[in-house]
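K.L.:
Here it is, the structure in full.
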Amino acid sequence: MIENGQTVNVHYVGTFDDGTEFDNSRERGQHMTIQVGAGQVIPGFDQALAEMSVGETKSVSLSPEQAYGPANPDAIQTVGRNNFPPEMELTEGLTVQGQGPQGPVLATIIGADEANVTLDLNHPLAGKNLNFEIELISIS
């Protein structure tokens, strides 16, 4: 069994409740290396690892509170269109990067007109139930 502080290598597949896949380490051809209990992954994923053995595959379903948290309505902001290059096509769903007070910030465009752009600064997976199939490959 894994103990906090140990480093593990895992493969995983992440899906939404409807079965849509949002991430797959096998498709990328690269496992993920994690120090268990160090806060490197979402809490529910970390907790699932703590109960696994090498070679085991486990399926877990995580609520938003166990993952990226609930979506925060205060993270929706409207900024002037002049904050973007004039030639940039601003389409709904486009991820953009800007500079915030504490460094780079990613946002998703949820609306745009000639004068304003409405941005969602929540993590793209905030407010969503997430399902993972996790395979513990090794403990280093």
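The values are calculated or read from the model by the stated rules, or taken from the named source; none is laboratory data. Not measured: the values here are computed from a predicted model. Please note: Cβ atoms are built from the backbone with ideal geometry, for glycine as well, and neighbour counts cover all protein chains shown.
K.L.:
Can you say whether residue 45 is within 11 Å of residue 133 (Cα to Cα) and touching a residue at least 12 places away in the same chain (Cβ under 8 Å), as far as the supplied structure shows?
P.N.:
Yes.
K.L.:
Return the pairs, sorted by first residue and then second, in which the second residue is in a loop (DSSP other than H, G, I, E, B) and polar (S, T, N, Q), the first residue lies in region 123-140 and is farther than 21 Å from residue 9 by Cβ, the beta carbons are less than 8 Å apart, and the residues are 6+ apart or on different chains.
P.N.:
126/72; 129/63
K.L.:
For residue 82, all conditions in the list (1) part of a helix (DSSP H, G or I); (2) crowded, with 16+ Cβ neighbours inside 10 Å hold save one; what is the number of the exception?
P.N.:
The failed condition is (2).
K.L.:
Then there is this: Name the residues in region 25-37 that are modelled with pLDDT of 95 or more, surrounded by 14 or more Cβ atoms within 10 Å (Cβ to Cβ) and either touching a Ser or Thr at 6+ places or on another chain (Cβ under 6 Å) or not hydrophobic (A, V, I, L, M, F, W, C) (or both), would you?
P.N.:
If the condition is that a residue be modelled with pLDDT of 95 or more, surrounded by 14 or more Cβ atoms within 10 Å (Cβ to Cβ) and either touching a Ser or Thr at 6+ places or on another chain (Cβ under 6 Å) or not hydrophobic (A, V, I, L, M, F, W, C) (or both), then 25, 31, 32, 35 are the ones that fit.
K.L.:
Of a type outside the set (S, T, N, Q) and outside the structural domain of residue 32 (by TED's automatic domain parsing): does that describe residue 114?
P.N.:
Against the criterion (of a type outside the set (S, T, N, Q) and outside the structural domain of residue 32 (by TED's automatic domain parsing)), residue 114 qualifies.
K.L.:
Does residue 40 satisfy the condition of being of a type in the set (S, T, N, Q), closer than 20 Å to residue 137 by Cα and surrounded by fewer than 16 Cβ atoms within 10 Å (Cβ to Cβ)?
P.N.:
Answer is yes for this residue.
K.L.:
Right, another one. Just a yes or no: is a residue in region 8-15 more than 30 Å from residue 119 (Cβ to Cβ) and at pLDDT below 95?
P.N.:
no
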